[in-house]
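A quick write-up on the structure given underneath.
The values are calculated or read from the model by the stated rules, or taken from the named source; none is laboratory data. These figures come from a predicted structure and were not determined experimentally. Glycine gets a Cβ as well: all are built from the backbone with ideal geometry, and neighbour counts include every protein chain shown.
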Amino acid sequence: MEVIQLYKNLKVNSIFGRYNVYFKKSQTNFKNEINFLYVIDKNIYKRYFKKFKHISKILIVDAKEDNKSFEKMNKYLSFFQKNKVNKKTIVNCIGGGITQDITSFICSIYYRGIKWHFYPTTLLAQADSCIGSKNSINFNKSKNLIGCFYPPEKVFVNINFLKTLKDKEINSGIGEILKCGIISNSETFLKNENKYLKLINYKKNLELFIYKSLQIKKKIIEKDEFDKKERKIMNYGHTFGHALESECNYKIPHGIAVNIGMDLANYLSMRYNFIDQKKYNQLNNILVKNFTKFKNYKPNINNLCNYLNNDKKNTKKNFINAILLRNKKLKVTPLKLDSHFKSFLADYFNLNK
């Protein structure tokens with residue numbers, strides 16, 4: 001296979017051992033090795049069928065949130081058992097975040113851990129979730145309630161997979177790229193407003209932003225892989241985004257829900273007087289461009305708060321640990337789910353008019 005290198009490989013240091021992220025531009029060919037098993041997103045399998053028709057061991061996954069559940073694990077594990085997966089097996093995961101979560105979770109518990117390689121096929125997975133070790137599945141309508149840390153042995157980022165994605169899938173990935181930009185430095189993010197707007201409006205320089213986002217995340221997870229301190233800011237936008245996803249029954253794509261969650265977090269930062277309105281407006285001017293089709297969504301505030309109250313990062317009843325912008329830095333900020341908080345949410349979603 002011809003290899004054309006886009007950027008220098010990233011080496012991510014993990015408690016489980018170092019793993020590499022390879023950036024490829026050439027077409028990827030998949031081998032039918034005796035010790036290989038493939039877990040493939042159903043849409044990817046259909047789209048690239050010719051690449052996989054010679055593969056003998058394939059688990060095809062319909063990448064929907066309902067299939068990322070504890071109840072579905074028996075089916076997936078039975079497939080592994082039937083195909084005699086063992087410690088010598090290498091599981092090749094090809095798909096986006098849902099397929100990644102399913103594969104990583106199974107590989108972490110089967111034989112107490114087997115090797116897996118990841119070929120992310122969505123922008124969101126390439127720019128964010130492919131590194132960091134996290135996996136999770138949903139349980140009783142709570143998103144990502146069950147999971148652990150278990151990184152792949154190798155990651156192969158190939159931008160060719162992005163060519164067939166719909167705009168909303170690209171914008172979902174851009175949501176996570178914007179998150180990394182603000183996490184790195186909110187002032188620098190604003191100075192680069194035109195570059196981010198070109199990314200949103202014209203999908204320019206995706207490869208560069210993928211690489212930069214992974215560099216930002218790499219620095220954080222190498223300091224705090226298990227979410228004890230520095231990594232907590234990577235949840236910026238996620239507390240509200242996950243609740244919004246659950247409230248709308250996943251009609252809003254994950255990265256876009258996170259994008260809205262970031263804007264909501266900034267709005268709350270303003271309402272709680274951590275930043276001024278000028279700063280909020282500057283950030284909103286960029287963020288809102290990436291979720292224009294969903295900006296008029298009106299959630300049920302009580303339902304949204306119920307999901308917020310069940311967030312796995314909470315440590316106290318009726319309080320959430322939100323990541324808010326306080327002056328120039330993002331910080332974990334406990335917020336009480338009281339009448340003031342609900343009023344702020346209603347104001348943000350224009351429900352008090």
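For segment 313-323, indicate whether the set of residues that are farther than 18 Å from Phe349 by Cβ, of a type in the set (A, V, I, L, M), assigned to a helix (DSSP H, G or I) and touching a residue at least 24 places away in the same chain (Cβ under 8 Å) is non-empty.
No, the conditions are met nowhere in segment 313-323.
Reported count of residues in segment 150-193, each being surrounded by fewer than 16 Cβ atoms within 10 Å (Cβ to Cβ), in contact (Cβ under 8 Å) with a residue 60 or more places away in the chain and among the charged types (D, E, K, R), is 3. Look at segment 194-214: where a residue is over 20 Å from Asn9 (Cβ atoms) and a partner is assigned to a loop (DSSP other than H, G, I, E, B), sitting 6+ places away or on another chain with Cβ atoms under 6 Å, you get Lys198/Lys204.
Would you call Tyr22 modelled with pLDDT of 95 or more, in a helix (DSSP H, G or I), among the hydroxyl-bearing types (Ser, Thr, Tyr) and surrounded by fewer than 19 Cβ atoms within 10 Å (Cβ to Cβ)? It is false that Tyr22 is modelled with pLDDT of 95 or more, in a helix (DSSP H, G or I), among the hydroxyl-bearing types (Ser, Thr, Tyr) and surrounded by fewer than 19 Cβ atoms within 10 Å (Cβ to Cβ). Screening Phe240, Phe226, Phe209, Phe291 for residues that are over 24 Å from Ser133 (Cβ atoms) and modelled with pLDDT of 95 or more leaves exactly one candidate, Phe291. A single member of Ile55, Ile44, Ile114, Ile90 is touching a residue at least 12 places away in the same chain (Cβ under 8 Å), of a type in the set (Val, Ile, Thr) and closer than 28 Å to Cys180 by Cα, and it is Ile44. Of the candidates Leu190, Leu264, Leu162, the single residue that is out of contact with any Phe, Trp or Tyr (no Cβ under 8 Å at 6 or more places or on another chain) and either within 27 Å of Lys68 (Cβ to Cβ) or acidic (Asp, Glu) (or both) is Leu162. Of the residues making up segment 285-293, at least one is in a helix (DSSP H, G or I), loosely packed, with under 15 Cβ neighbours inside 10 Å and without any contact (Cβ under 8 Å) to a residue 24 or more places away in the chain. Of the residues making up segment 6-41, those that are basic (Lys, Arg) and in contact (Cβ under 8 Å) with a residue 40 or more places away in the chain number 2. All conditions but one from (1) of a type outside the set (Ser, Thr, Tyr); (2) assigned to a helix (DSSP H, G or I); (3) assigned by TED's automatic domain parsing to the domain that holds Leu283 apply to Lys204; the one that does not is (2). Within segment 135-149, the set of residues being in contact (Cβ under 8 Å) with a residue 24 or more places away in the chain and not hydrophobic (A, V, I, L, M, F, W, C) comprises Asn135, Ser136, Asn138, Lys141, Ser142, Lys143, Asn144, Gly147. Quick check on segment 317-352: of everything there that is of a type in the set (Gly, Ala, Ser) and surrounded by 12 or more Cβ atoms within 10 Å (Cβ to Cβ), which residue is farthest from Pro299 (Cα to Cα)? For segment 317-352, the residue satisfying everything is Ala322. Selection within segment 215-226: residues that are in contact (Cβ under 8 Å) with a residue 12 or more places away in the chain and touching a helix residue (DSSP H, G or I) at 6+ places or on another chain (Cβ under 8 Å). The member of this set that is farthest from Gly175 (Cα to Cα) is Glu225. Residues that are aliphatic (A, V, I, L, M) and not in a strand (DSSP E or B) were ranked within segment 326-353; the one that is modelled with the lowest pLDDT is Leu351. Within the option set Phe319, Phe344, being assigned by TED's automatic domain parsing to the domain that holds Gly237, of a type outside the set (Ser, Thr, Tyr) and more than 28 Å from Phe139 (Cβ to Cβ) holds for one residue only, Phe344.
Tell me, please, whether a residue that is under 15 Å from the mean Cα position of the chain (by Cα), of a type outside the set (Lys, Arg) and not assigned by TED's automatic domain parsing to the domain that holds Ala125 can be found in segment 217-226. Checked against the condition, which is being under 15 Å from the mean Cα position of the chain (by Cα), of a type outside the set (Lys, Arg) and not assigned by TED's automatic domain parsing to the domain that holds Ala125, segment 217-226 yields at least one hit. Among the residues of segment 198-245, those identified as among the basic types (Lys, Arg), within 27 Å of Lys25 (Cα to Cα) and surrounded by fewer than 19 Cβ atoms within 10 Å (Cβ to Cβ) are Lys198, Lys203, Lys204, Lys212, Lys218, Lys219.
Hey, which of the strands (runs of 3 or more DSSP E) in segment 51-160, taking only ones fully inside, have at least 1 residues that are touching a His at 6+ places or on another chain (Cβ under 7 Å), of a type in the set (Val, Ile, Thr) and modelled with pLDDT of 95 or more? Quick ask: steps written out before the conclusion?
On the way: elements: 58-61, 90-95, 115-120, 134-139, 142-149, 154-158.
The qualifying strands (runs of 3 or more DSSP E) are 90-95.
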